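Just so you know, all these numbers are worked out from the coordinates, no wet-lab data involved. Predicted, not measured: the structure shown is a model, and the values here were computed from it. Heads up, the Cβs are rebuilt from the backbone with ideal geometry, glycines too, and the neighbour counts pull from every protein chain shown.
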Amino acid sequence: MNNYIIYKNDNDTITAISSPLGIGAISIIRISGDKSIKIIKKIFVNKTKKIYKEKINLGIIKYNKEIIDKVIIIYFKNPNSYTGEDLVEIYCHGSIYIQNKIIKIIIKNGGRLAKKGEFTYRAYFNKKITLLEAESVLDTIKCENKIEHKIAINNLIKNRLYKVLLKIQKIILNILSYIEVKLDFIEENINISSKKIYNKILYVEKKLKKLINSFKISYIIKKGLYISIIGPVNSGKSTLMNTLINEDKSIISNIPGTTRDIVEGNILINNFKFYLFDTAGIRKSRSNIEKIGIKKTFKNIDKSNIIFYVFDYNLLKKNIKKFKKKIINKFFKKDFLLIANKIDLNNNLKKKKLKIRKIKIKKNIYNIIFISAKKKIGIKNIIDYLKRKIPNKRIQNNILINNIRHYEELRQTLKYIKKIKKDYLKQKSLEFISIDLRRSLKFLYNIHGQNFDNNDVLKNIFTKFCIGK
Ligand SMILES: Nc1nc2c(ncn2[C@@H]2O[C@H](COP(=O)(O)OP(=O)(O)OP(=O)(O)O)[C@@H](O)[C@H]2O)c(=O)[nH]1
Ligand SMILES: [Mg+2]
């Protein structure tokens, strides 16, 4: 836990501008700590000469006989405030001069400038919020779209992740309690079968895996999907790119090896972003510059989620052979879509051939879509294919991990759970298993920031198993 604590627990009264920096109609300045109200009484003047808590108090900020601004203040008495301390919010006019002046006056009267995130840290320290909630405050501030907003609100208000973590935690605690009892009170007759415990371990493993996998999904939701357009020279990659983004961006010519640098574009499908990368055609090249381009193509495949392999339909067999030999071996795990282009050049092509075809290469099934990038035929099939790659509503409603710290802690938890599963099957010493269970719990507790307490195990033992009644 110490890794995350960067503040000293001092008793300072802290202050900062809580609204965005710059000019605005209104600006909010916060003061939190024991001295908040003392400071305010020195600088705030109003008719009633009283400051009511949790009410609007209208007055002026005056210091050294100089009137600074007409303001509203709200006083939240501890512990009923965001930080859990005495907290005052000053709503002043949004001039940068006024904001700075008020801050200076507060500091002169005994406040100190808050460090980044210190108000929320105090809220966490005073147990007003969990670490998870603190992080979701940041997510809420930073959210840019509907899905990010949903993830943030799910944690900030509904506490969904926290509830799932508590559930997993409880099961691990149960397993641990059972094992501890077995170790300490062998004579007690406890009616839990080994199978039941094993199933509990499996259940925890499944839940953890689901959460961990959701990190990838939330990453995709946030960042979109990356598509590399690759294939032999002159196959129409740049034409397809321009058709998809509906812009004349990439240079098109009938000279093989036109594209060398990677050209980027993007499209929105159902409000979801796809990034497209048009790359240098793959061939054995003598030109050094083209060779560099081809190297870049291969690098780009690595970082893409989806690869379009574009080739000339009229050379279908030859190109599929090339794909098998040169591409698949290198990038076996990648998600490829084969795109047979230039079907307009083939007079014999019947309409039914436009249907998506499937081929099997080394146990993997690949789709082939038939198009003319130039004449814009068959493009809808590509769009439909991409639509299926967008995380759907059902997935979006799941609890999604979107924070790398949570992801790492969960992975550590899972690492121990997997070990415990193996050891339990092999009937290894319960003592070791108990140690690993505690380790797994420690990582889980790190996520919401509470400390793993041995009392939790004891409480569980005494309430569940009624020992020493
Ligand atoms: N008839 C026809 N010609 C096409 C089609 N798509 C592309 N072309 C032509 O094929 C040639 C090559 O097109 P590009 O889009 O530059 O091909 P590329 O794969 O990007 O080529 P490199 O960048 O050199 O690897 C151009 O003359 C295009 O007009 C198509 O669907 N039908
Ligand atoms: Mg090109």
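Just so you know, the averaged projected area of the alpha carbon convex hull for region 2-128 sits at 7.6 nm². Report for the chain the percent antiparallel among DSSP-assigned beta bridges with both residues inside it, nearest 5. For the chain, the DSSP antiparallel bridge percentage is about 60. Whole-percent P(r), the chain, all Cα pairs, 10 Å bins from 0: 4, 15, 17, 15, 16, 16, 11, 5, 1, 0. Label point of residue 431 set 7 angstrom out along Cα-Cβ; within region 147-184, amide nitrogens under 20 Å from it belong to 176-184. A helix-only calculation puts the chain at -14000 deg cm²/dmol for mean residue ellipticity at 222 nm, using -39500 (n - 2.57) for each DSSP H run of at least four residues, averaged over all residues. Note on region 17-91: Cα-Cα pairs beyond 20 Å make up 28% of the total pair count.
So if we plug the beta-carbon distance of residue 19 and residue 65 into 1/(1 + (r/R0)^6) with R0 = 25 Å, what FRET efficiency do we get, rounded to 0.05? Before the final figure, lay out each step's value.
Working: r = 28 Å, r/R0 = 1.10.
Efficiency for this residue pair is about 0.35.
In order along region 217-223, the phi-based Karplus estimate (6.51 cos²θ - 1.76 cosθ + 1.60, θ = phi - 60°) of 3J(HN,Hα) comes to 5, 5, 5, 5, 4, 6, 9 Hz; Gly and Pro are listed as x. Each Lys or Arg adds one and each Asp or Glu takes one away; over the other residues whose Cβ falls under 9 Å from the Cβ of residue 78, this sums to -2.
Quick check: from the Cα gyration tensor, does region 384-448 come out rounded (a/c under 1.5), prolate or oblate?
Numbers: a/c = 4.22, a/b = 2.16, b/c = 1.95.
The shape class here is prolate.
Quick one: which residues, 5 or more positions from residue 18 or on another chain, have an amide H under 5 Å from its amide H? H modelled 1.01 Å from N in the peptide plane, none for Pro or chain starts. Result for residue 18 returns 28, 29, 30. When the chain is described by a simple charge dipole with +1 on each Lys and Arg Cβ and -1 on each Asp and Glu Cβ, the residue from 250, 29, 235 located farthest towards its positive end is 235.
Compute the Cα gyration tensor for region 108-203, then decide on rounded, prolate or oblate, letting a ≥ b ≥ c be the square roots of its eigenvalues: rounded whenever a/c is under 1.5, prolate when a/b is larger than b/c in the other cases, and oblate in all that remain. Before the final figure, lay out each step's value.
On the way: a/c = 5.69, a/b = 2.04, b/c = 2.78.
Oblate is the answer for region 108-203, as a/c is 1.5 or above yet b/c matches or exceeds a/b.
Take the alpha carbon gyration tensor of region 225-394, find the square roots of its eigenvalues, order them as a ≥ b ≥ c, and report rounded if a/c is under 1.5; if not, report prolate when a/b exceeds b/c, else oblate. Rounded, because the longest to shortest axis ratio a/c is under 1.5.
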